[in-house]
Amino acid sequence: MLTPLGFSLLRQLSDGAFHSGEDLAATVGLTRARVSQLLKQAETAGLALERVRGRGYRLLATPDFLDVKEIRKALAALNVEVAPADAKAPLLPAANDDDLFAPGGVSTIPLHPAISVEVTDQVDSTSTELLRRAARRDIHGALLAAEWQTAGRGRRGRVWTAVAGGSLTFSLGWRFEQGAGYVAGLSLAVGVAVVRALEAEGLAGVELKWPNDLVHRHLKVGGILVEMNGDALGPSTVVVGVGLNIRLPQTVKRDIAQPVSDLAAVAGRGAPPIDRNKLLARLVSELAASLSQYAAQGFVPFAAEWQRRHAYQGKPVRLLLPDGEQVKGTVAGVDSTGALVLADGPRRSRFLAGEISLRRA
Ligand code: BTN
């Protein structure tokens, strides 16, 4: 797989034209020898390069880089309203700004914001970056996708591992009138939206694992991290982070602490390569629809579908609690807030997502 530096070199080459080693070296601030070494790695990763003395390097087949124009086009084809390319996120209204509220105290946070699309080669974490921006700007409808995260974060303080070109890592900002309690079940609704999007793109068979892992045949293919700031009464700003394994090299799969798979395996042998731009647009389209519905109706309309898509519905499991204790039971389902309901004989117990992990019993 490609390193981030190799990746930015390939981006330079993605126009399919010849670029001299000198020019490439100057753009990324490396020596020509290092450029040549990085391009050799890219060839090992399966990219077809042509070298011509006196002209330089050229990519014979353009890889599927994330591309703002392609994503915007695919979103428009799905009837998603896209913000103008040069639109700058507005500053947050001041807390005492009267324009914030329409007469009667009804908030003016739009239910269906236009989506602003941004792609970056490298960032520490798309979620961290949106949370930073949220302090100053309105991130309602802001999409940030990255080819490479240097500090990708998972649930429960874990590291999120992704590879440049072989993963999809993005975050979407959203504002809700309501506060923390109301958005408690949001990460489960996001899981439903992601699985719907995968199915719509022909990737059937991905299931949910409470609270919001995406699994295929019990192997993890993606994860969701929902983070929030705001006060208990609202409004609140939420950053929805989604990481999907598209095609992970064996070496990377081996290095991840839990059993993982990727969407290429879900698609199956002989399937055409996954178009990440199209998939991202589909995910954003489903997410925007679900986040709007959640703002209006909460988790209840998602609960039955969530249970249907849960890999462990009706199955015996054990829960690992933060204090090291384990609880065993059978999954009865989720309640109207997204809490897991475990049955042990006639007894029913509810568990809130937080720091709990679910395991097969
Ligand atoms: C998990 O299963 O632990 C959640 C993983 C969430 C990863 C995504 S990748 C995009 C966004 N940026 C991050 O740093 N994390 C989320």
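The values are calculated or read from the model by the stated rules, or taken from the named source; none is laboratory data. Being a predicted model, the structure only gives us computed values, none of them experimental. All Cβ positions, glycine included, derive from the backbone under ideal geometry; neighbour counts span all protein chains shown.
A compact table of results
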quantity	calculated
Residue match in the range 247-270 (condition: β-branched (Val, Ile, Thr) and either within 18 Å of Asp67 (Cβ to Cβ) or not assigned by TED's automatic domain parsing to the domain that holds Arg196 (or both))	no
Residue list for the range 170-188, filter: of a type outside the set (Gly, Ala, Ser), surrounded by fewer than 24 Cβ atoms within 10 Å (Cβ to Cβ) and either at pLDDT 95 or above or touching a Gly at 6+ places or on another chain (Cβ under 6 Å) (or both)	Arg175, Phe176, Glu177, Gln178
Residue tally, condition closer than 28 Å to Gly298 by Cβ, more than 10 Å from the ligand (Cβ to nearest atom) and not in a strand (DSSP E or B), over the range 147-185	9
Matching option when the condition is under 24 Å from the mean Cα position of the chain (by Cα), surrounded by 15 or more Cβ atoms within 10 Å (Cβ to Cβ) and either among the polar types (S, T, N, Q) or not assigned by TED's automatic domain parsing to the domain that holds Leu75 (or both), among Leu319, Leu340, Leu352, Leu280	Leu340
Any pair with Cβ under 6 angstrom, 6 or more apart, that starts in the range 220-241 at a residue that is within 14 Å of Gly179 (Cα to Cα) and ends at one that is more than 16 Å from the ligand (Cβ to nearest atom) and of a type in the set (Phe, Trp, Tyr)	Ser236/Phe176
Some residue of the range 246-262 being part of a strand (DSSP E or B) and either buried (at least 22 other Cβ atoms within 10 Å of the Cβ) or modelled with pLDDT of 90 or more (or both)	yes
Unique match (being touching a helix residue (DSSP H, G or I) at 6+ places or on another chain (Cβ under 8 Å) and either under 30 Å from Ser285 (Cβ atoms) or among the β-branched types (Val, Ile, Thr) (or both)) among Ala25, Ala76, Ala85	Ala85
Of residues in the range 240-258 being more than 14 Å from the ligand (Cβ to nearest atom) and not acidic (Asp, Glu), the one nearest to the chain's Cα centre (by Cα)	Arg247
Yes/no for Leu208 being without any contact (Cβ under 8 Å) to a residue 60 or more places away in the chain, buried (at least 24 other Cβ atoms within 10 Å of the Cβ) and not aromatic (Phe, Trp, Tyr)	no
Filter result for Gly191 (within 14 Å of the ligand (Cβ to nearest atom), farther than 26 Å from Phe7 by Cα and either assigned to a helix (DSSP H, G or I) or modelled with pLDDT under 95 (or both))	yes
So Gly154, is it surrounded by fewer than 22 Cβ atoms within 10 Å (Cβ to Cβ), modelled with pLDDT of 90 or more and not aromatic (Phe, Trp, Tyr)	yes
Odd one out for Gly324 among (1) buried (at least 22 other Cβ atoms within 10 Å of the Cβ); (2) at positive phi	(1)
Condition met for Ala289 (farther than 30 Å from Arg350 by Cα, away from the ligand (no atom under 15 Å from the Cβ) and either among the small types (Gly, Ala, Ser) or assigned to a strand (DSSP E or B) (or both))	no
Any hit, the range 118-128, residues being of a type in the set (Gly, Ala, Ser), farther than 22 Å from Leu75 by Cα, within 11 Å of the ligand (Cβ to nearest atom) and modelled with pLDDT of 95 or more	yes
The range 301-317, subset out of contact with any Gly (no Cβ under 9 Å at 6 or more places or on another chain) and not hydrophobic (A, V, I, L, M, F, W, C), residue farthest from Arg217 (Cα to Cα)	Pro301
Residue match in the range 208-224 (condition: touching a His at 6+ places or on another chain (Cβ under 7 Å) and assigned to a strand (DSSP E or B))	yes
Residue in the range 220-239 that is in contact with a Lys or Arg (Cβ under 8 Å, 6 or more places away or on another chain), within 25 Å of Gly157 (Cβ to Cβ), at pLDDT below 95 and within 16 Å of the ligand (Cβ to nearest atom) present	no
Residue list for the range 111-126, filter: more than 17 Å from Ala164 (Cα to Cα) and in contact with a Leu (Cβ under 7 Å, 6 or more places away or on another chain)	Ile115, Ser116, Val117
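Matching residues to (1) more than 29 Å from Arg136 (Cα to Cα); (2) within 28 Å of the chain's Cα centre (by Cα); (3) free of Cβ contacts under 8 Å to residues at least 12 places away in the same chain:
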{"residue": "Phe7", "(1), (2), (3)": "yes, yes, no"}
{"residue": "Ser14", "(1), (2), (3)": "yes, yes, no"}
{"residue": "Phe18", "(1), (2), (3)": "yes, no, no"}
{"residue": "Thr27", "(1), (2), (3)": "yes, no, no"}
{"residue": "Lys40", "(1), (2), (3)": "yes, no, yes"}
{"residue": "Leu59", "(1), (2), (3)": "yes, no, no"}
{"residue": "Lys69", "(1), (2), (3)": "no, yes, yes"}
{"residue": "Leu78", "(1), (2), (3)": "yes, yes, no"}
{"residue": "Ala87", "(1), (2), (3)": "no, yes, no"}
